[in-house]
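Undergrad: Structure incoming, see below.
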Amino acid sequence: MIHLDHLIATLMQVVIENAGAETGALVLLEEDQLTVVAQCSGSRQCDLEKLTVADCATIPVSVIHSVERTQEPLVFDDAFSELSFSTDPYIQHRQTRSLLCMPMLKQNQLI
C-alpha cells in the first residue's frame, strides 16, 4: 500500500538531490488557497505539516505568487540581486542565490 506522505517525502528528496538544491517546498492549490504541503532539506528532513503560503515564513512568498499569476517558471542565478524579488523577506534573510519555482499544471490549470 502506498502512503502519500512517504511518497511526497521521497519525491521531494529526489527532486532536491537532482537539482543540487539545499531545500525545496511543494506548494499545491487546495480549496482555492496556495498551501505548502511539504518542506524538505537536502539532509533528508521533510516537514509535511500543511501551511497556507501566507502563513509560511520559510519560502519566498513573492516568487510563489508571481508564478501563480503567470503560470510560468522563474529561474534565478542570484535571486538576492533580482530587483523584483530582492525585498522578499525570505530572500533577504537567506540572501538566496539560486532559485527555481515551477508551476504544476493539469490541463492548463494550477494544481
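Laboratory data are not the source of any read-out in this text; all were calculated from the coordinates shown. Since the model is a prediction, treat every value here as computed from it, not as a measurement. Methodologically, a virtual Cβ is constructed for each residue, glycine included, from the backbone with ideal geometry; neighbour enumeration extends over all protein chains shown.
Undergrad: Can you tell me the length gained on complete extension of the stretch Leu105 to His93, counting 0.36 nm per residue apart and subtracting the Cα distance?
TA: Working: separation 12, 0.36 × 12 = 4.32 nm, distance 2.99 nm.
Here the segment from Leu105 to His93 would lengthen by 1.3 nm.
Undergrad: Here's another thing I want to ask about it. Against the longest principal axis of the chain, how steep is helix 4-19, in degrees 0 to 90 to the nearest 10, with axes from Cα atoms?
TA: Helix 4-19 and the main axis of the chain meet at about 40 degrees.
Undergrad: Going by the alpha-carbon gyration tensor, a ≥ b ≥ c the square roots of its eigenvalues, is the range 48-91 rounded (a/c under 1.5) or, if a/c is not under 1.5, prolate (a/b greater than b/c) versus oblate? Mind showing how you got there, number by number?
TA: Numbers: a/c = 2.13, a/b = 1.40, b/c = 1.52.
Note, shape of the range 48-91 comes out oblate.
Undergrad: Place a +1 charge on the Cβ of each Lys and Arg in the range 60-104 and a -1 charge on the Cβ of each Asp and Glu, then give the dipole magnitude about the Cα centre in debye, rounded to the nearest 20.
TA: Numbers: 3 positive and 6 negative charges, 24 e Å.
Computed about the Cα centre, the dipole is about 120 debye.
Undergrad: Positive end of the charge dipole of the range 1-55 (Lys, Arg +1 and Asp, Glu -1 on Cβ, about the Cα centre): tell me which of Thr10, Val37, Leu26 has its Cα farthest that way.
TA: Thr10
Undergrad: Something else: Around Val37, under 12 Å between beta carbons, what's the net of Lys plus Arg minus Asp minus Glu among the other residues?
TA: Working: positive: Lys50; negative: Asp5, Glu30, Asp47, Glu49.
Its environment carries a net charge of -3.
Undergrad: If I stretch the segment between Ser84 and Leu4 completely, what's the gain in nm (0.36 nm per residue apart, minus their alpha carbon distance), one decimal? Show your work: numbers first, answer last.
TA: Values: separation 80, 0.36 × 80 = 28.80 nm, distance 3.56 nm.
So the chain would gain 25.2 nm between Ser84 and Leu4.
Undergrad: Using amide H atoms built in the peptide plane, which far-off residues or other-chain residues are under 5 Å from Ser98 H to H?
TA: Those qualifying (amide H under 5 Å, at least 5 residues apart or on another chain) are Ala79.
Undergrad: Please state the shape class of the range 1-55: rounded when a/c is under 1.5, otherwise prolate if a/b exceeds b/c and oblate if not, all from the C-alpha gyration tensor. Don't skip to the answer; put the middle values down first.
TA: Working: a/c = 2.17, a/b = 1.38, b/c = 1.57.
The shape class here is oblate.
Undergrad: Still on this structure: Taking the Cα centre as origin and putting +1 on Lys and Arg beta-carbons and -1 on Asp and Glu beta-carbons, what dipole magnitude results for the chain, to the nearest 20 debye? Walk me through the numbers before you get to the answer.
TA: Numbers: 6 positive and 15 negative charges, 32 e Å.
It comes to approximately 160 debye.
Undergrad: What nm value, rounded to one decimal, do you get for the distance between Glu17 and Ser43 when each label is placed 7 Å out toward the C-beta?
TA: The answer from the label model is 1.8 nm.
Undergrad: Once both axes come from the Cα atoms, what is the angle between helix 61-70 and the longest principal axis of the chain, in degrees from 0 to 90, rounded to 10?
TA: That helix lies at roughly 80 degrees to the long axis.
Undergrad: Turning to a different aspect of this structure: Per DSSP H run of n ≥ 4, the term is -39500 (n - 2.57); total these for the chain, divide by its residue number, and report the mean residue ellipticity at 222 nm rounded to 500 deg cm²/dmol. Show your work: numbers first, answer last.
TA: Working: 3 runs with 32 residues, N = 111.
It lands at -8500 deg cm²/dmol.
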